[in-house]
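Peer 1: For reference, the structure I am asking about is given below.
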Amino acid sequence: MTRQSTRAVTKPPAPKGTTRTQPRSATPPDEGPKPFSDHVTTVEALKDLVREFITEREWASYHTPKNVAASVAIEAAELLEHFQWVHPSPEELSRDKRGEIADEMADVLAYLLSLSNILGIDLAAALQQKMGKNRRKYPADRFRGTWEKVRS
């Protein structure tokens, strides 16, 4: 996924007539932090949140592509650990267990966002491009209801 065509400009201007979702710290102090939500938070706002966290702690020198990619794998393994030897349906997961899983998912996402910041990859564009490839590789009329893997 790290192709030149998915490289992003760090801070492109907002399209005319739109506003950007600001990272938590960009909210004026008198208003307090506004909660993020999948319905309104942009990928850019999430990338800014992670970038700001790393910058505040002066951790950028540790966030090399190799270290961050390894951290993605490590955190993904911690997410998988919640499902080791069990096969719960979403309804069977307690509120506490769902919270633990959400924390691990957030860790994976934070490292992916950090890696995209480091490499200058536009995640939304990369995902759109990859899903286009997947649609061509796995056309719905041929693969509906089957898990068959296409060998490249």
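The values are calculated or read from the model by the stated rules, or taken from the named source; none is laboratory data. Predicted model only: the values in this text are computed from it and were never measured. Backbone-built Cβ (ideal geometry, glycine too); neighbour counts: all protein chains shown.
Peer 1: Please specify each residue of the stretch 47-82 satisfying the condition of being assigned to a loop (DSSP other than H, G, I, E, B) and either touching a strand residue (DSSP E or B) at 6+ places or on another chain (Cβ under 7 Å) or among the hydrophobic types (A, V, I, L, M, F, W, C) (or both). I'd like the intermediate steps shown before the answer.
Peer 2: Step one: filter the stretch 47-82 for residues assigned to a loop (DSSP other than H, G, I, E, B), giving 57-59, 63-64, 82.
If the condition is that a residue be assigned to a loop (DSSP other than H, G, I, E, B) and either touching a strand residue (DSSP E or B) at 6+ places or on another chain (Cβ under 7 Å) or among the hydrophobic types (A, V, I, L, M, F, W, C) (or both), then Trp59 is the only one that fits.
Peer 1: Let me ask another. Considering only the stretch 75-126, how many residues are under 27 Å from Ser61 (Cα atoms) and free of Cβ contacts under 8 Å to residues at least 24 places away in the same chain?
Peer 2: Residues meeting the conditions: 3.
Peer 1: Quickly run through the stretch 103-152 and pick out the residues that are at pLDDT 95 or above and among the aromatic types (Phe, Trp, Tyr).
Peer 2: Tyr111
Peer 1: Could you count how many residues in the stretch 78-121 are aliphatic (A, V, I, L, M) and more than 22 Å from Phe53 (Cβ to Cβ)? Steps first, please.
Peer 2: Within the stretch 78-121, the first condition is being aliphatic (A, V, I, L, M), and the residues that meet it are 79-80, 86, 93, 101-102, 105-106, 108-110, 112-113, 115, 118-119, 121.
Now drop any that are not more than 22 Å from Phe53 (Cβ to Cβ), which leaves 80, 86, 93.
Looking only at that region, the number is 3.
Peer 1: Residue check, Trp85 against (1) of a type in the set (A, V, I, L, M, F, W, C); (2) out of contact with any helix residue (DSSP H, G or I) (no Cβ under 6 Å at 6 or more places or on another chain); (3) in a helix (DSSP H, G or I), all met but one. Which one?
Peer 2: Trp85 satisfies all of (1) of a type in the set (A, V, I, L, M, F, W, C); (2) out of contact with any helix residue (DSSP H, G or I) (no Cβ under 6 Å at 6 or more places or on another chain); (3) in a helix (DSSP H, G or I) except (3).
Peer 1: Here's something else I'd like to know. Which residue pairs have Cβ atoms closer than 9 Å, lie 6 or more positions apart in sequence or on different chains, and pair a first residue in the stretch 39-64 that is closer than 10 Å to Ser114 by Cβ with a second residue that is surrounded by 15 or more Cβ atoms within 10 Å (Cβ to Cβ) and among the β-branched types (Val, Ile, Thr)?
Peer 2: Once the first residue is closer than 10 Å to Ser114 by Cβ and sits in the stretch 39-64, its partners that are surrounded by 15 or more Cβ atoms within 10 Å (Cβ to Cβ) and among the β-branched types (Val, Ile, Thr) give Ala60/Ile54; Ala60/Ile118; His63/Ile54; His63/Ile118.
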